[in-house]
Amino acid sequence: MPDTHPSIYYQIHLEGYLDQQWAEWFDGMSINQENGKTVLTGPVADQAALHGLLKKVRDLGMPLVSLTQIKPDLYQYNKDSTMKIITFEQYGSPDVLQLKETAKPIPANDQVLIKIYSTAANPLDWHRMRADPFLVRLSQGFWKPQNPTLGADIAGVVEAVGRDVREFKPGDEVFGSIGSGGFAEYALAKEKQVAHKPANVSFEGAASVGVVGFTAIQGMRDFGQIRAGQKVLVNGASGGIGTFAVQICQSDGN
């Protein structure tokens, strides 16, 4: 007889870090990391089973961030898929970086799953990896990183979208700044974190824009409040931010 009570598919976001060793404890749900949070994804048979999962979360003392239903087809598409990702379980030199295999992430309702074609390494990643300056530890984890992934700026092709995403569809070429997780074969991004990649820009060029481009435009437009006709001196014009700052000045008529 057909199942008259089909499973509902959920994503459960938790504060803190759990690795794949906990999958059996959570009834085989896939486990991923997203911006310092643990994401459990999978089918739940009924309300009793859901309450059982949430009780296990409480027993671990991990704060519950959100609980959402997702499209079953996204889970079925990715449930047995894996990917490679670079992580760091402790602060230090590049020697702490590890190449691991993990479950391919599943997009939440407002997210897109991107196949990474290019990613940029920024001073942001260096500071997070080394916890330098020391104040990094106050937001990223005092003894070890709460979010063990790097790579803010990415470019790639949309592979799957959540049910609430309207701007993008599978096959779209996109770029953006996603916070972390770009040093991987696939990454998740909220719809507002990425934009369509211009056809005349390479993936490598698009991936280099995010952090330095945002910093330059904030410095020149928002804080510097430059206007057409002004003469502007860009200190460090050959660097990452400076290169964009010069172009912004030229485009504004300076």
Breaking point among (1) within 18 Å of the chain's Cα centre (by Cα); (2) farther than 29 Å from Lys115 by Cβ, for Ile226: (1)
Among (1) at pLDDT below 90; (2) surrounded by 13 or more Cβ atoms within 10 Å (Cβ to Cβ); (3) farther than 18 Å from Thr119 by Cα, the one test that Lys231 misses: (2)
Hits in the stretch 176-203 (condition: among the polar types (S, T, N, Q) and closer than 11 Å to Gly156 by Cα): Ser202
Residue match in the stretch 10-30 (condition: within 18 Å of Asp110 (Cα to Cα) and β-branched (Val, Ile, Thr)): yes
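The rows are residues; the columns are (1) modelled with pLDDT of 95 or more; (2) crowded, with 22+ Cβ neighbours inside 10 Å.
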residue	(1), (2)
Pro148	no, yes
Val157	yes, no
Gly181	no, yes
Glu185	yes, no
Lys190	no, no
Ala207	yes, yes
Thr215	no, no
Gln218	no, no
Flag if Glu101 is over 24 Å from Glu191 (Cα atoms), part of a strand (DSSP E or B) and in contact with a strand residue (DSSP E or B) (Cβ under 7 Å, 6 or more places away or on another chain): yes
Checklist (1) surrounded by fewer than 16 Cβ atoms within 10 Å (Cβ to Cβ); (2) closer than 23 Å to Ala189 by Cβ applied to Glu89, failing item: (2)
Strands (runs of 3 or more DSSP E) wholly inside the stretch 161-244 containing at least 2 residues that are free of Cβ contacts under 8 Å to residues at least 60 places away in the same chain: 173-177, 194-196
Residues of the stretch 16-53 satisfying the condition of being part of a helix (DSSP H, G or I) and either of a type in the set (Val, Ile, Thr) or free of Cβ contacts under 8 Å to residues at least 40 places away in the same chain (or both): Gln21, Trp22, Gln47, Ala48, Ala49, His51, Gly52
Members of the stretch 17-61 that are of a type in the set (S, T, N, Q) and either surrounded by 14 or more Cβ atoms within 10 Å (Cβ to Cβ) or more than 24 Å from Pro148 (Cα to Cα) (or both): Gln20, Ser30, Asn32, Gln33, Asn35, Thr38, Thr41, Gln47
Test: Ser238 is exposed (fewer than 15 other Cβ atoms within 10 Å of the Cβ) and within 22 Å of the chain's Cα centre (by Cα): no
Qualifying residue in the stretch 186-205 (condition: of a type in the set (S, T, N, Q) and over 18 Å from the mean Cα position of the chain (by Cα)): yes
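The values are calculated or read from the model by the stated rules, or taken from the named source; none is laboratory data. The structure presented is a predicted model; accordingly, all values stated were derived computationally and were not measured. Virtual Cβ from ideal backbone geometry, glycine too; neighbours counted across all protein chains shown.
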